[in-house]
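Any read-out appearing in this document is the output of simple, stated calculations on the displayed coordinates, not a laboratory observation. Since the model is a prediction, treat every value here as computed from it, not as a measurement. When we count neighbours, we look across all protein chains shown, and the Cβ atoms used for this are built from the backbone with ideal geometry, even at glycine.
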Amino acid sequence: MEVSYGGVRIRVLRGDITRWEAPARPSAIVNPANSMMVMGGGVAGAIRRAGGPEVEEEARKHAPVPVGEAVATTAGRLPVDYVIHAPTMELPAMRTDVGKVREAMRAALRCAEGLGLKALAFPGLGTGVGGLSADEAARAMMEVLRDHVGAGTCLEVVDFVAFTGDLEEAFRRWAEELLR
């Protein structure tokens, strides 16, 4: 599924974000991190395994990173230029909430702008150990993206990469409702 909003191509894809092929460069994927930058399980663990230990080693040098801020690191062996680590929780495996997901989304987008990125991919922020439903997270993420793009952006493509069917459906529903 693809929509155009404010000159930005927004796509909903199903798959593994660590295998995302950026349609433009420079590019990054977003890690829904914890403030300590420990990349244990979920998306963070998958990024560490696919990208290599250097991704976590570099991220840990920035810790603690508060919710509402984001840092970019090397992507290691991943097929992108950067990983943007945007905390959705303070400690590993904590529950999160919609407000923190909104803050993480804004921080990741600000970081992407600072890097001059053309392409960016998001997983479901807060939908794993964070405990949010796919629907809550997808709505919050699409609302923040809508506001960001409306203010102007260097991004050309923003992809939402869903690992599960329910997240894919939620991303699709909220993209169609909020970005048309």
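Computed over neighbours whose Cβ is under 14 Å from that of Glu103, the net charge equals -1, Lys and Arg +1, Asp and Glu -1. Helix content alone sets the calculated 222 nm mean residue ellipticity of the chain: runs of n ≥ 4 DSSP H residues at -39500 (n - 2.57) each, divided across all residues, give -12000 deg cm²/dmol. How many angstrom separate the Cα center of the stretch 1-24 from the Cα center of the stretch 68-102? Between the Cα centre of the stretch 1-24 and that of the stretch 68-102, the gap is 18 Å. With Cα atoms defining each centre, the stretch 130-180 and the stretch 104-128 are spaced 11 Å apart in the structure. Placing pseudo-labels 7 Å out from each Cα toward the beta carbon at Arg9 and Glu156 gives an inter-label distance of 0.8 nm. Considering only alpha-carbon pairs that sit under 8 angstrom and 6 or more positions apart, the relative contact order computed for the chain is 31 percent.
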